[in-house]
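The next block holds one structure in the form of structure tokens; read it before the comments.
Taken together, the values in this text are just the output of simple stated rules run on the coordinates, not laboratory data. As the structure is a prediction and not an experimental result, all values here were calculated from the model. Cβ atoms come from the backbone with ideal geometry, glycine included; neighbour counts cover every protein chain shown.
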Amino acid sequence: MYHGHETRKRVNPKEKANIASLITFFFTYDMLRQGFKKDLEEEDIYEVIKSFKSSKLGDKLEKHWSKQKSKSNTFSIFRLLWSCYGKYYLFWGVIQLFMKIITVMVQPRALGKLVSYFTKHSTMSKQDAIYYALLVIGLNIISCTYAHNYMFIITELGIKVRTAFCSLIYRKSLKLSPASLSDVNIGKIVTLISKDVNSFDAAIVFLNDMWISLILLVITSALIYSRIGVAALAGVLFLVLIIPLQVFFGNLTSNLRIKASKITDQRLQITQETLSAIKIIKMYTWETFFGQNIAKVRKDEIKKIKHIYFAKATSLVIGGLVISITLYIIVMVYTALGNHFTAELAFFLVSCLQALRSSVTISIPIGIAMSAELVASARRIHRVLTAEEYTTEENERTFKPLIEMEKVAVNIRDKTILHDINLKIDSGFHFITGRLGGGKSTLLKTILQDYPICYGQLNVQGKVSYASEEPWLFPSSIKQNILFGKQFDAERYKKVLHVCALEADIATFEKGDSTIVEDRGLNLSKGQQARINLARAVYRNSDIYLLDDCLSALDTHVQEFVFKECILNFLKDKIVLMISHNERQLKEADIIIIVENGTIKSCTKPSDIPDDEIVEIIREEDERKDDDLIDNIHIDDEDTQEDSKLLKPQPKNNIYHEQKKDGKVEAHVYRKYYYFGGGVIVSITIFAIFVIAQAGMTFCEKLYLPEPMPTSVFRAELQFASTSPWFCPW
């Protein structure tokens, strides 16, 4: 249904890249060169790769979700993830394990042998030293190349999972029943799509590394034990004892994330409610009060987020200290047992523990934290995906259209809205009226099966079409807003435009019915919005039409034309239930249904209702409309004019185009950033900590030197071992 101005984008070079280009990432060269010359614009972005299309990914995930629901009554997000992506993810996990095992078993020995060549009493030949040097260099080149490609593949998988769940959550939100929407509000849906789904691609990066790290811990411990004996057990025991502590912080992070998400949902809901009533708020100068409410909730949210990051930081600090403390424990126990500590042994231990550094300091602590957030997010997503869906059964036209209600009652949030409703309609035009708040709209939505009944029997036979009181339009062409996915029938479409008085309006538009409607129809008048909304309902060839006061926004002469041509003539052979308070239209009905206090007060012909009762109802409704008019004053008077053209010129860009501000970041922005980051005091503190840490590392390097050897060689080798690309977490 998308009818915006869509430009054809360039094909993504990754789809045409050869194996060498993929391994070296050379296919990104054109984009990087273009970004170096100028700022990238939207038209510079490549077309989405076919395998990353949200529709394709959403279809796949929805298919697996449906299979899981059909096989079992218990649904699991993690079973869904395994069925869709588990085998592929595990395959790359096994490859990652294989590469790390090779590196752990070969690199420490090769590096130790290379270092031993520089000791005072070395008997190693120069050719052997060159062999070990080439082995170390080659292994690091291969490891570096593989590590970056592995991370690229895993990141791609994370994007796919996140995109698929965004699509599935959006599709589910369109099917939620009104009862479910009372619990799953729009704020929660926004939070899930914008925040919770990010936990999938964040956790996927570390989940494989977590179980791989445990295997590497066992292998590395065995290597150290084979070289230095029982002294290795002391360091291994310390590493094992740290893991439960990190698991504790992971669980703490998960619980804090759940609490913070609830507050986030509340903030988004309050913000949305405030923006939806912003005109009234500004008219009564309530901005300060509502702003303080949002700020208070935001303050509570920030407190919870701080607690989450404190828990994460503590876990990372513990992980960062573990390797250094483990090395110290092993060296102390080894020397205490009377053993001689050599340079080769020192570099062997350093290299082995460096192989575990990324596991102990990065993979395990961050993996546990990310897994905890994933569990919390999965629970929230599970609640939405398992929420009750709106279901409606449309009977085939083998039966005569019928609406039958027997002692129907409807409760919404434990409040009785309708009660003791008895109604039977099999033909004709039925006019529904009554005092404000009597339950008229609820009656239509109950027939539509939008609200579940808590008592009684409801039987609706035939296809149902509905036109709401408040027009609903979406960003696309006028034509697509009317068709709404239905097959185009030129004759019926033309007739609908006529009976809904849209022909004259469309004729004035430059692009006719291909004119793009902005979000919520903001570039159309209220009357045009209402008539397009009605045309959508009427175009659908149904047996029953439910019209919820959809003509109230029209000018008098337009309203009379639409009522006569559309309601009385075009729909004369259909069942029509229409809510209105127009006295002239009321007398044209076959039956008038008066709803009051949540029940049907009377259901009779217009001639059987006293004129004074009709006048009283109409007067009360007119007073309500006058109050609404005051509460919805628009600065632009043209907004309510029926004969107005489009209020704004059509945008030439994509209807979802975003405005981008060009230029340099002003200096005061940097000053504010620096100030809120802590200012001078925090900067001095960080600098002092850095100096102390660097001095401590220099001192520790000297302690590592157990026998005379060139200091420059030692430092170079130690730095090489600690900064090997293979051990880089990214």
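How big is the charge dipole of segment 402-640 about its Cα centre, in debye rounded to the nearest 20, if each Lys and Arg gets +1 on its Cβ and each Asp and Glu gets -1 on its Cβ? Value, rounded to 20: 1160 debye. The long axis of helix 711-722 is offset from the longest Cα principal axis of the chain by roughly 30 degrees. DSSP finds beta bridges in the chain, and of those with both partners inside it, around 55 percent are antiparallel. The shape of segment 312-453 comes out prolate: with a ≥ b ≥ c from the C-alpha gyration tensor, a/c is at least 1.5 and a/b beats b/c.
Does the chain come out rounded, prolate or oblate by the C-alpha gyration tensor, with a ≥ b ≥ c the root eigenvalues, rounded set by a/c under 1.5 and, if not, prolate when a/b is larger than b/c and oblate if not?
Note, shape of the chain comes out prolate.
So how much slack lies between Leu522 and Asp426, counting 0.36 nm per residue of separation and subtracting their Cα-Cα distance, in nm? 30.7 nm is the gain from fully extending Leu522 to Asp426. In the chain, Cα pairs under 8 Å separated by at least six residues give a relative contact order of 16 percent. Distant-in-sequence amide contacts of Ile600, defined by a placed amide H-H separation under 5 Å and a gap of 5 or more residues or a different chain, comprise Asn422.
If only the Cβ of Lys and Arg carry +1 and only the Cβ of Asp and Glu carry -1, the dipole of the chain around its Cα centre is close to 4200 debye.
Distance from the C-alpha centroid of segment 76-114 to that of segment 300-349: 23 Å, rounded to the whole angstrom. Working from label points 7 Å from Cα in the Cα-to-Cβ sense, the Glu491 to Ser602 distance is 4.3 nm. Here each label is just a point 7 Å from Cα along the line to Cβ, and for Met31 and Ile45 those points are 1.1 nm apart.
By how many degrees, between 0 and 90 and to the nearest 10, does the Cα long axis of helix 343-357 differ from the longest principal axis of the chain? With rounding to tens, the tilt is 10 degrees. Quick one: of Lys37/Lys306; Lys71/Lys259; Lys67/Lys160, which pairs are farther than 28 Å apart, Cα to Cα? Among Lys37/Lys306; Lys71/Lys259; Lys67/Lys160, the Cα-Cα distance tops 28 Å for Lys37/Lys306; Lys71/Lys259.
Taking the helices alone, the chain has a mean residue ellipticity at 222 nm of -19500 deg cm²/dmol, built from -39,500 (n - 2.57) per DSSP H run of at least 4 residues and averaged over all its residues. A simple rule links phi to the HN-Hα coupling: the Karplus curve 6.51 cos²θ - 1.76 cosθ + 1.60 with θ = phi - 60°, which for segment 317-325 gives 5, 4, x, x, 8, 4, 5, 5, 5 Hz, with x for Gly and Pro.
Amide H contacts of Leu418 (H built 1.01 Å from N, in plane; Pro and chain starts excluded): Val410 sit under 5 Å, all sequence-distant by 5 or more or on other chains.
Packing order of peptides 583-590, 10-17, 311-318, highest average first: 311-318, 583-590, 10-17 (average count of other Cβ atoms within 10 Å over each peptide's residues).
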